[in-house]
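Written out below as structure tokens is the structure these notes cover.
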Amino acid sequence: TAATTDGQTVQTADNAQDPQQQQQQQQAPNAWQVIKGVLFRIFIIWAISSWFRRGPSTPDPNTPAGAPRVPSRNLFPKDTLMDLYVFVSQDEVFTDFNNTEALFWFHRDLVYGDWTTGENGDGCYEHYKEMQIPEKVQQNGSLYMHVYFTKSGFHPDPKRKGQYRRLATVHSTRMLNKFKRRKFLKTKNLLTGETEADPEMIKRAESHGPVEIISHWHPNLTINMVDDHTAWVKGSVPPPLDQHVKFDAVSGDYYPIVYFNDYWNLQKDYYPINETLTALPLRLSYCPLSLWRWQLYAAQNARSPWNFLPEDTYEQSDEDQDSVKVALLETNPYLLGLTIVVSIVHSIFEFLAFKNDIQFWNSRQSLEGLSVRSIIFGVFQSLVVLLYILDNETNFVVQVSVFIGLLIDLWKITKVMDVKLDRENKIAGIFPKLVFTDKSTYVQSSTKIYDDMAFKYLSWLLYPLFGCYAVYSLLYVEHKGWYSWVLSMLYGFLLTFGFITMTPQLFINYKMKSVAHLPWRMLTYKALNTFIDDLFAFVIKMPMMYRIGCLRDDVVFFIYLYQRWIYRVDPNRVNEFGTSGTDHLSSDTAAVDAAADAAADTATITDKPEGEKKND
């Protein structure tokens, strides 16, 4: 729906722009971040499993002589007959057990730890029902589900004295709806002031502000009872499992673990609860769950209580987990296993490329053959990317990684240029002025001439493309303001034509007829990563711009390889350590001459008559 208002457009974060515009303005997602998230969670699972190999029980200082605590047992033995009660209410604390309308599901004679009964022979049961929506729930109210497991013949109502027993009742509560933030992006065409947006969204943005909290609903939920009889010791249960194991204060034993499993509920399947809905469908499933699988789910949903990250970061993390879940559900198992193995190799290559890049610039003594202007342009490119992701409120982890990359690029500036503080000519009479001068190894060589020449030729192509892209972005793309337009225009241009900045180094190599000055280890590791990206860019669903970006990087690297092939051996060229073959040759020649002189002296002494040798 198109609407022209006071020059403001309101768009939700889910449907912010046309897909074609998104490809040009937003950074292509990195497929390997999904796999790295899986590997990180596997590490968490391993760490949690290691906690189970604990030593003796922790001594209790309250007991005489510090006697160890007695291990507890499950209050529900194996094969215990149970009754399931599920009540749905707007109250977080439920007491109205006599309300038949609140009873959503009642199932009699479930067997604890049974894996063979049920509708499909796997111990699972299912119940589906559509509920009427209370008026308060439609107005962002909460709806709670109260689950009770009782031993057969008992009732969960404490008021029924003859039918209620505390140690025979397991209770757990879960809020069924989920509150999610919906952000409104106010954009407009900066020239005409016109906009395309849903008029209803515009009104909501004006009344609720830039962020609105809306109650969402998912129709599926699984109730798992963990089939576990471990002799847990109170106070020694490892986190995050300690959040689910509940001990009885009197007997010291623990209740069966009731776990609400919504791991496979994707974020995209949630829909808002509003006035247009007439009923809420809910499909509940009951299934037994093994201890090992429960550890997996608990580790996936674990969040540290000391985490300083804002709540928005958790919502972005949930969206990232959706990518992992979709990959696990839809990807072929063999392809998924291959992807995990290759992603590990990808991470190793990425680390080695980073290490060798630092080592190369840290030990570099001569700048002959290296494009200093490309290093300076790389700092500008990293700064634009950082400002762009800050303006678009990207994931916090991505912001940190880009900021670290910018610091590394700034450190490279100190290696390719002389940076000094001019304390005489201060800025505003307070701050010392930074002075950047080219190093002597760069000025005195022909590299500076070739570098200037390459960027002059490059500007003939770069500036027209930059102007055309700026005009296109201004005419056809909506922005929040002029600052956002500058950042998005620069970022989109660098994303599309950024590979052109790699060509000056090719030009310098061509002029110098040498490639020995390049950091070949770092380039090789990055090229291997690019080839891996190429392999999976056409297997995993990705934007076309990302696939083209991988292909163009390959083309540039193949040109590097071609130059390495045609400029094979040149004893006069300088390597990465600042020395040439002629230096080694001259030193070797001097060593040979010295050895020859020593041998001649020895021969002279040997050829003397016997009498002169005695005199000597």
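Values computed for the structure shown
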item: Residue that is surrounded by the most Cβ atoms within 10 Å (Cβ to Cβ) [pool: residues in region 246-286 that are of a type in the set (Phe, Trp, Tyr) and in contact with a Ser or Thr (Cβ under 8 Å, 6 or more places away or on another chain)]; result: 254
item: Filter result (open to solvent by 90 Å² or more (accessible area, probe 1.4 Å), more than 38 Å from the chain's Cα centre (by Cα) and under 26 Å from residue 370 (Cβ atoms)) within region 421-441; result: 421
item: Residues of region 95-124 that turn out to be open to solvent by less than 20 Å² (accessible area, probe 1.4 Å) and either free of Cβ contacts under 8 Å to residues at least 12 places away in the same chain or aromatic (Phe, Trp, Tyr) (or both), as a count; result: 3
item: Some residue of region 386-394 being under 24 Å from residue 507 (Cα atoms) and not polar (S, T, N, Q); result: no
item: Criterion: farther than 16 Å from residue 382 by Cα, touching a Leu at 6+ places or on another chain (Cβ under 6 Å) and in a helix (DSSP H, G or I) - qualifying residue of 469, 442; result: 442
item: Per-region count, region 348-360, residues open to solvent by less than 40 Å² (accessible area, probe 1.4 Å) and within 30 Å of residue 487 (Cα to Cα); result: 2
item: Residue in region 363-388 that is most open to solvent (accessible area, probe 1.4 Å), counting only those that are in a helix (DSSP H, G or I) and at pLDDT below 80; result: 373
item: Filter result for the condition that a residue is surrounded by 15 or more Cβ atoms within 10 Å (Cβ to Cβ), modelled with pLDDT under 70 and among the polar types (S, T, N, Q), over 496, 503, 530; result: 496
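For (1) acidic (Asp, Glu); (2) exposed (fewer than 14 other Cβ atoms within 10 Å of the Cβ); (3) within 17 Å of residue 259 (Cβ to Cβ), each residue gets a yes or a no:
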residue	(1), (2), (3)
127	no, no, no
142	no, no, no
151	no, no, no
162	no, yes, no
172	no, no, yes
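The values are calculated or read from the model by the stated rules, or taken from the named source; none is laboratory data. Quick caveat: nothing in here was measured; it's all calculated off a predicted structure. Note that we place each Cβ from the backbone using ideal geometry, even for glycine, and neighbour counts take in every protein chain shown. Please note that ligands, DNA and RNA were not included when accessible areas were found on the heavy atoms of the full protein model with its side chains. Shrake-Rupley method; radii C 1.70, N 1.55, O 1.52, S 1.80 Å.
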